[in-house]
Amino acid sequence: MDREKTRAVAEQIFRDMAGAMTAGMVYLGTRTGLFRAMQGRGPMKLEDVVRASGMQSRYVEEWLKGMTAAGYLVYDPKAATHTLSDEHAYFLASDGSDHFAGGMFEMVPPLLRAAPGVAQAFEKGGGVPFEDFGPDCVAALDLINRGLYESRFTDQWLKPLPDVVARLHAGGRMLDVGCGSGRVCTAFARAFPKSEIVGIDPDAHSIERAKKAAVGLPVRFEAVGTDRLRANGGFDLITLCDCIHDLADPLQTLKQVRALLKPGGTLFVVEPKAADRLEDNLNPVATMFYGFSIFHCMTQSLARGGPGLGTCMGPAAAQRLLKEAGFSDFRILDVKSQVNLFYAARP
C-alpha cells in the first residue's frame with residue numbers, strides 16, 4: 001500500500017467521524033438554545049453562557065470545547081472566552097428564517113435511529129416506513145423547510161409562472177400534495193387570500209401539525225392521498241414539494257395529480273438539487289442527500305413496495321416520470337437555490 005494514500009485515508013476517516021460528532025453537537029446547540037444564547041454577545045466566559053442559556057455548566061463546558069475544536073466557535077485562551085461569529089449565528093440562531101440550517105441537524109437523531117432497520121433492509125429487503133421515524137422527524141422536516149416556504153415560495157419561486165400568480169390572485173384553487181406540517185399552504189393563504197387552499201398528506205400527525213399552524217387562515221387539510229381526494233372542478237395549481245422521490249407509487253400518484261388539474265392548470269415540483277450523473281454529484285450537498293436517501297427517503301418508499309427513487313433522482317429522471325404520467329409540457333425553472341431544483345409541468 002502507498003503510505004501517503006494510507007495516511008490520507010486515515011485522515012479522511014477521522015475527519016468524517018468528527019463531522020458526525022459535530023452534527024450531534026450542533027443539534028444540541030440548536031435544540032437547547034445555546035447558539036441563540038451566544039448570538040450577538042461577543043466573547044463569553046463559561047459562566048456567561050451558562051447564565052444566558054440556563055443549561056448545566058459541565059455540559060456547556062464540554063460543548064463549548066467541542067464546538068471550538070470543530071471551528072464553530074472562536075476561542076481566546078488568554079481571556080478564556082468563546083465567541084459565536086455573526087456568520088455562524090446567521091445559519092444556526094435564526095429559527096424560522098429562510099437561511100436557518102438547524103433543521104438539517106435536527107434530522108440526525110431520527111435518521112440514525114433508523115440505521116439498524118436500514119441495515120436489516122440491506123440484507124433482507126424492504127425498508128423503514130415513514131411512521132417509524134416518529135414525530136421528531138416530522139418536526140425536523142418542518143424546521144428545514146418552514147423558512148424557505150414562508151419567505152420564498154410565493155415571492156420568488158413562483159416568479160417564472162406569472163399566469164399561475166394571476167389565477168391565484170383572481171381567486172383560483174391550489175392543492176399541496178404531501179403537505180407535511182402545512183407551511184406551503186399557509187404561505188399561499190397569506191399571499192393569495194381570494195384563493196381556495198387545500199393540503200393533503202396521508203400522515204395524520206403531520207395533518208394535526210398543519211391544522212395548528214394554520215389557525216385563523218382559510219386553509220383545508222385532509223389526511224388522505226390523491227386517490228381519495230375529489231377534484232370538485234379541479235385545481236389551478238398543484239404543488240409537490242420534496243416528495244415525489246418518497247412516493248410508494250410515484251407514477252400512479254402523478255397520474256392522479258394530472259386528473260386533479262383544471263384545464264390549463266400547472267404542476268409545480270420542488271426536488272432536491274442533484275445532477276443526473278454520479279460524477280457530477282461529488283460534492284457535500286449531494287453527499288448529504290445520498291445519506292438522507294438511504295436513511296429516510298429511499299427506505300420509506302421501499303418499505304411500502306415502492307421503487308425507491310432516491311433523494312438524488314435528478315432532472316432527467318423527473319422529466320421521464322412526468323412525461324410517462326401524461327405531462328407533455330415540462331420545464332426546469334430558472335430559480336436559484338443551493339439545495340433545490342424547480343420544475344413546472346402541464347398535461
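The values are calculated or read from the model by the stated rules, or taken from the named source; none is laboratory data. Keep in mind that what you see is a predicted model, and the values were worked out from it rather than measured. Reconstructed Cβ throughout: ideal geometry from the backbone, glycine too, with neighbour counts over all protein chains shown.
Where residues in region 214-249 are buried (at least 20 other Cβ atoms within 10 Å of the Cβ) and among the aliphatic types (A, V, I, L, M), which of them is nearest to GLY265 (Cα to Cα)?
Applying the filter and picking the extreme gives LEU237.
Only one of LYS124, LYS194, LYS211 is within 23 Å of the chain's Cα centre (by Cα) and either of a type in the set (Lys, Arg) or surrounded by fewer than 15 Cβ atoms within 10 Å (Cβ to Cβ) (or both); which?
LYS211
Can you tell me which residue among LEU175, LEU267, LEU260, LEU237 is within 29 Å of MET288 (Cβ to Cβ), modelled with pLDDT of 95 or more, among the aliphatic types (A, V, I, L, M) and out of contact with any His (no Cβ under 8 Å at 6 or more places or on another chain)? Show your work before the answer.
On the way: LEU175 fails: within 29 Å of MET288 (Cβ to Cβ); LEU260 fails: within 29 Å of MET288 (Cβ to Cβ); LEU237 fails: within 29 Å of MET288 (Cβ to Cβ).
Only one candidate passes the filter, namely LEU267.
Among what's in region 106-138 and is part of a helix (DSSP H, G or I), touching a residue at least 40 places away in the same chain (Cβ under 8 Å) and among the aliphatic types (A, V, I, L, M), pick the residue that is farthest from THR22 (Cα to Cα).
Filtering first and then ranking leaves ALA121.
Take VAL269 and tell me if it is surrounded by fewer than 22 Cβ atoms within 10 Å (Cβ to Cβ), assigned by TED's automatic domain parsing to the domain that holds GLY178 and within 21 Å of the chain's Cα centre (by Cα).
no
Kindly indicate which of THR68, THR22 is on the phi < 0 side of the Ramachandran plot, in contact with a strand residue (DSSP E or B) (Cβ under 6 Å, 6 or more places away or on another chain), part of a helix (DSSP H, G or I) and surrounded by 12 or more Cβ atoms within 10 Å (Cβ to Cβ).
None of the others qualify; the one that does is THR68.
Can you run down the residue pairs with Cβ atoms below 7 Å, 6 or more apart or on separate chains, where the first is in region 282-298 and touching a residue at least 60 places away in the same chain (Cβ under 8 Å) and of a type in the set (Phe, Trp, Tyr) and the partner is loosely packed, with under 15 Cβ neighbours inside 10 Å and part of a helix (DSSP H, G or I)?
From region 282-298, the pairs are PHE295/ALA115.
When only residues in region 295-309 that are in contact with a helix residue (DSSP H, G or I) (Cβ under 6 Å, 6 or more places away or on another chain) and outside any helix (DSSP H, G or I) count, which is surrounded by the fewest Cβ atoms within 10 Å (Cβ to Cβ)?
Filtering first and then ranking leaves GLY308.
Looking at region 311-338, I want the residues that are farther than 18 Å from GLY265 by Cα and have a partner that is modelled with pLDDT under 95 with Cβ atoms under 8 Å, at least 6 apart or on another chain. Which pairs are those?
No pair meets every condition.
Pairs needed: first member in region 196-222, in contact (Cβ under 8 Å) with a residue 60 or more places away in the chain; second member anywhere, surrounded by fewer than 17 Cβ atoms within 10 Å (Cβ to Cβ); C-beta distance under 6 Å; at least 6 residues apart or different chains.
If the second residue must be surrounded by fewer than 17 Cβ atoms within 10 Å (Cβ to Cβ), the pairs left are HIS205/PRO135.
Read through the list (1) surrounded by 15 or more Cβ atoms within 10 Å (Cβ to Cβ); (2) part of a helix (DSSP H, G or I), then give the number of the only condition that ARG51 fails.
Looking at each condition in turn, ARG51 falls short on (1).
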